[in-house]
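Below: the structure, in structure tokens.
The values are calculated or read from the model by the stated rules, or taken from the named source; none is laboratory data. Quantities reported herein were computed from a predicted structural model and do not represent experimental measurements. Glycine gets a Cβ as well: all are built from the backbone with ideal geometry, and neighbour counts include every protein chain shown.
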Amino acid sequence: VRVLTARWILPVCRPPINGGWIRIRNGVIVEMGAGAVDSAAEDLGDVALLPGLVNAHTHLEFSDRKRPVGTPGIALSQWIGQVITARGESGPIDRNSAIALGIRESAAAGVRLIGEITTPPARYPADRESPELVTFAEVLGLSPERGDERLRAAVAWNQAHQEGAWSPHAPYSTSRECIEACVAQAVGSNRPIAIHLAESPEERQLLEAGSGPLAQALLELGVWRDDAFPWRRDALAQLIDWLSRCPQALLVHGNDLRDSEIARIAPHRQMTVVHCPRTHAFFGYPAHPLQRLLAAGIRVALGTDSRASNPDLNLWSEVQYLLRHRCDLDPLAVIRMGTLSGGEALGKPMVGRLAIGCRPGFGIVACPATKLDHLYECLSQNTYSPRRI
Ligand SMILES: [Zn+2]
């Protein structure tokens with residue numbers, strides 16, 4: 001049993017505690033409080049103690065990339081072609097070693113839980129230090145043959161993996177029939193679903209009008225099908241309605257969500273929008289509708305996305321990006337996005353918070369602050385170091 005005290009404790013599920021203490025047995029929190037500290041307490045000093053971080057969305061198979069694909073400001077339609085080329089150049093052995101690199105990088109960054117988009121077959125090494133994984137088997141294809149093949153691979157993956165889940169890639173790359181089949185599987189298996197959604201105005205143009213740069217890119221890639229697009233005028237609303245049937249649904253990106261679509265998501269507490277701040281910045285999209293999502297009561301979690309659109313897999317850097325660039329957001333809400341909201345989105349609400357009965361993993365950030373404002377300033381500036389306790 002260890003009793004720890006720190007200048008600040010951030011339980012996340014309740015306000016920060018100035019000078020609190022925490023009692024831990026075998027990594028599990030058994031007691032905690034504010035006020036007078038147990039005389040046996042070990043003082044961590046001028047730091048803020050936080051739970052482990054949650055990366056709600058990534059693709060570890062790209063973790064060997066030294067830099068993102070393309071240049072900042074690249075159009076999604078161009079980036080996709082370049083990613084397909086990059087992916088074609090790596091075989092399954094390369095992918096498995098990239099995954100191993102990504103797991104190590106995530107563990108070193110203090111990430112305790114990952115929402116991973118996987119392309120079966122793939123291998124995930126695990127040891128005591130490895131983060132927990134929820135593996136969303138990716139399904140994509142506009143042709144029935146390709147979609148069926150990926151769906152069969154996903155079914156096989158999820159039969160063999162307890163923490164398996166479903167991921168129709170995106171409405172621009174996956175047929176309506178295939179997305180509906182994934183929804184049916186998610187409902188039938190009572191497992192989460194994740195989909196890239198409302199990523200760019202190009203996507204909306206493709207779905208609603210069957211035209212634009214993404215249509216052109218699909219033609220050039222040789223995968224265009226006349227029967228696949230357009231959907232209908234309210235394509236995104238239709239998608240949201242389908243996804244709302246799933247036990248947990250992660251809507252990844254949501255950069256281009258309109259108010260009417262936000263209102264459609266809001267009643268469904270099992271839906272989460274996953275924002276990837278530095279990937280969003282890489283593509284140069286206009287300001288993300290984060291404030292409107294939060295105001296509507298929608299859960300928002302954070303992801304790094306992959307190293308194909310982000311410089312690294314450091315989730316704390318995503319938190320800090322928002323703390324520095326989005327002064328319109330409550331800093332505590334931002335911390336929640338990088339911890340508890342990700343745990344809830346992935347069906348693991350005991351991860352991402354410091355509370356009795358949890359085994360959340362721990363991290364510290366240097367912080368001599370005595371006031372709340374200064375605490376958030378420290379968090380926006382200083383490194384998060386995972387701490388084995
Ligand atoms: Zn992604």
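Observations on the structure shown:
- Restricting region 1-35 to residues that are touching an Asp or Glu at 6+ places or on another chain (Cβ under 7 Å) and in a strand (DSSP E or B) leaves a set whose member that is surrounded by the fewest Cβ atoms within 10 Å (Cβ to Cβ) is 2.
- Answer residue from region 112-169, given it is away from the ligand (no atom under 16 Å from the Cβ) and assigned to a strand (DSSP E or B) and is nearest to the chain's Cα centre (by Cα) among those: 113
- Search result, residues across region 273-291 that are more than 16 Å from the ligand (Cβ to nearest atom) and not hydrophobic (A, V, I, L, M, F, W, C): 284, 286, 289, 291
- If you go through region 38-58 and pick out every residue that is within 16 Å of the ligand (Cβ to nearest atom) and not aliphatic (A, V, I, L, M), you end up with 3.
- Reported count of residues in region 351-368, each being modelled with pLDDT of 95 or more and either out of contact with any Leu (no Cβ under 8 Å at 6 or more places or on another chain) or closer than 13 Å to residue 16 by Cβ (or both), is 10.
- Of all residues in region 297-309 being within 14 Å of the ligand (Cβ to nearest atom), surrounded by 22 or more Cβ atoms within 10 Å (Cβ to Cβ) and more than 13 Å from the chain's Cα centre (by Cα), the one that is farthest from residue 64 (Cα to Cα): 309
- Residue match in region 358-376 (condition: among the small types (Gly, Ala, Ser), touching a residue at least 12 places away in the same chain (Cβ under 8 Å), under 26 Å from residue 41 (Cα atoms) and surrounded by 24 or more Cβ atoms within 10 Å (Cβ to Cβ)): yes
- Residue 61 falls short on exactly one of the conditions (1) more than 16 Å from the ligand (Cβ to nearest atom); (2) of a type in the set (D, E, K, R); (3) not in a loop (DSSP other than H, G, I, E, B), and that condition is (1).
- Region 36-49, subset in a strand (DSSP E or B) and touching a residue at least 60 places away in the same chain (Cβ under 8 Å), residue surrounded by the most Cβ atoms within 10 Å (Cβ to Cβ): 49
- Only strands (runs of 3 or more DSSP E) whose full extent lies in region 298-389 are considered here, and the ones with at least 2 residues that are under 25 Å from residue 190 (Cα atoms) and in contact with a helix residue (DSSP H, G or I) (Cβ under 7 Å, 6 or more places away or on another chain) are 299-302.
- Number of the condition not met by residue 294 [criteria: (1) part of a loop (DSSP other than H, G, I, E, B); (2) under 30 Å from residue 52 (Cα atoms); (3) away from the ligand (no atom under 16 Å from the Cβ)]: (1)
- Residues located in region 64-80, provided they are more than 15 Å from the ligand (Cβ to nearest atom) and within 18 Å of residue 119 (Cβ to Cβ): 64
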